[in-house]
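A short reminder: the numbers here are calculations on the coordinates, not readings from a lab. As the structure is a prediction and not an experimental result, all values here were calculated from the model. Note that each Cβ is placed from the backbone with ideal geometry, even for glycine, and that neighbours are counted across all protein chains shown.
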There are 2 protein chains.
Amino acid sequence: MMRPMSGAGTSAGQRLAGARGRIDKRRAILDAAFTVFAREGYAQAGVDVIAAEAGVAKATVYNHFGDKETLLRQTFAALADSALTQNLAAVERLADHGGELRAMLEDVGFHLLQCYCDDRSWAMRRLLSAEINQFPDLLDIVQGQVADRVTEALADRLARLALAGRLRTTDPLLAAEQFSALLSGPVDKRSRLGTRHVPDTELRTVASAAVHTFLKAFAAEPAEAT
Amino acid sequence: MMRPMSGAGTSAGQRLAGARGRIDKRRAILDAAFTVFAREGYAQAGVDVIAAEAGVAKATVYNHFGDKETLLRQTFAALADSALTQNLAAVERLADHGGELRAMLEDVGFHLLQCYCDDRSWAMRRLLSAEINQFPDLLDIVQGQVADRVTEALADRLARLALAGRLRTTDPLLAAEQFSALLSGPVDKRSRLGTRHVPDTELRTVASAAVHTFLKAFAAEPAEAT
DNA sequence: ATTATGTTGGACTGGCCAGTTCAGTTGTGC
DNA sequence: GCACAACTGAACTGGCCAGTCCAACATAAT
């Protein structure tokens, strides 16, 4: 029938065409797998359906991943990887370049919330919840490789702000945890487990409220009026 | 074989024995269903297995609930009902009887965390996450009937404290949301999606930290040193 | 006793799906 | 040109399970 991949591959670069085609298919399968897993659940998801979604034969899926279980793990690994990058980028906005502290915190909070509310992000958490009993090791991939590192990175930044005298805290890790909690907690209810899309303006409102409370607790100055 | 239910039923009250036996079986099935759903997931859970766990024939399950889907819904309804009762009981500990505010908040926080960390509570949330795509209405049962009401009740209590001049806030609902967030957020990471049991001492620590931050933001007095 | 209702175990149907196999195709490196 | 590796489509096996049906049994009310 149609064989778009190989055709497209050769048009781009002949020497890499074979490998490129293979790699592209791998990515296509991982993407399709996540889409279908997220939509139907791991057990419900048929490998045939994933293959169709990826535009690939079922045998090719088994060729790349061996069985459904490792396909799930690889899917999570790929996902966690991209989530980590995005979250760290958000945290890195928190630097001590003399700007106004409140605005900076709100900015970081907003971008963290955007990561948190991303469709794929919600789908991943739901899938993890669903399969945690059958595959406890998935939790290590997600929490150990992503959530913990992000919190740690955030704690680092807060510690430097405390050292610079702009925040007051003896436990930056606790501050980071509570900052995250103030962000994600209120948004949890509003997004109905990721079912409802939360618009950016609402995210900014939540971020602003979170920072307001956070600064009352941790600001170096006695906290100005609101 | 064995027929323990009817025997136990008649020993209690002859007239109700039939009905009682039936009701007991209904409860047994609901309990078993939740156990198995939680352990294996909705799709994976065999109705035969649930029946066996309940000590009942498979046909009896269909007799009571018609099909697997309504069994799931009834299971959630029963669960949400009991969760609501427990949570409201925890919130009601927050009354304005002149006691020390901080201690009272820590007490409420601790008991809310106990509800939140209960095994069945975690299992319910995981199951909900897993099946939200196929059964979006389950969310209304859980969030609409439980979470929202609890937050509302908490907001009521906080409003009365504010009115009595013991807290300072113009938005008790926001305060309630942030209080909940400061409690559940830090515990989320520690409990590994309910996989790990969090000991009471740790819950007290988290509650104490949450109240500490909360009071810095919302206490009527400028906040004493810690 | 009889009737009605609920329960039981077991057998049975129809459908779904992971994973395999295979014969045939395509593009690449040499 | 040839050999090689990946890919394809399709058929096939074996296992699992929701939901139904049935003949026999228990219990309560009349």
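Some values worked out for this structure:
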read-out	value
Helix B:148-163 vs. chain B, principal-axis angle (Cα, 0 to 90°, nearest 10)	30 degrees
Test item: Cα-centred dipole of the protein assembly as shown, Lys/Arg +1 and Asp/Glu -1 on Cβ, debye	1080 debye
Equivalent-ellipsoid semi-axes of the protein assembly as shown, from the Cα gyration tensor, Å, largest first	40, 38, 16
Helix axis angle, B:68-91 relative to chain B longest principal axis, alpha carbon, degrees	30 degrees
Relative packing of B:48-56, B:135-143, A:196-204, which averages over residues the other C-beta atoms within 10 Å, highest first	B:48-56, B:135-143, A:196-204
For chain B, calculated [θ]222 nm from helices alone, where every DSSP H run of n ≥ 4 adds -39500 (n - 2.57)	-23000 deg cm²/dmol
Peptide B:208-220, shielding by other chains (average Cβ, 10 Å cutoff)	4
Nm distances between copies for B:R102, ranked from closest, using label points 7 Å along Cα→Cβ	2.7
Averaged over A:87-100, number of beta-carbon atoms from partner chains that fall within 10 Å	0
Distance between modelled label sites at B:S208 and A:A43, nm, 7 Å Cα→Cβ extension	4.3 nm
Cα-projected label distance for A:L173 with B:R73, points at 7 Å along beta-carbon direction, nm	4.7 nm
Point-to-point label distance, A:Q145-A:L163, nm (Cα→Cβ direction, 7 Å offset)	3.0 nm
Top positive-direction residue, dipole computed over chain B with Cβ charges, set B:F218, B:T205, B:A159	B:T205
Label spacing, shortest first and in nm, from A:L173 to its equivalents in the remaining copies (7 angstrom along Cα→Cβ)	3.7
Candidate lysines for bridging to A:K25, where Cα separation is under 26 Å - those fewer than 8 sequence places away on the same chain excluded	A:K58, A:K68
Average partner coverage of B:186-193, which counts Cβ from other chains inside 10 Å	5
Debye-sum result for the range B:42-193 in log10 I(q)/I(0), which assumes one identical scatterer on each alpha carbon, at q = 0.10, 0.13, 0.18, 0.21 Å⁻¹	-0.46, -0.69, -1.08, -1.33
Using a 7 Å Cα-to-Cβ projection, B:R196 label spacings across copies, nm, ascending	3.3
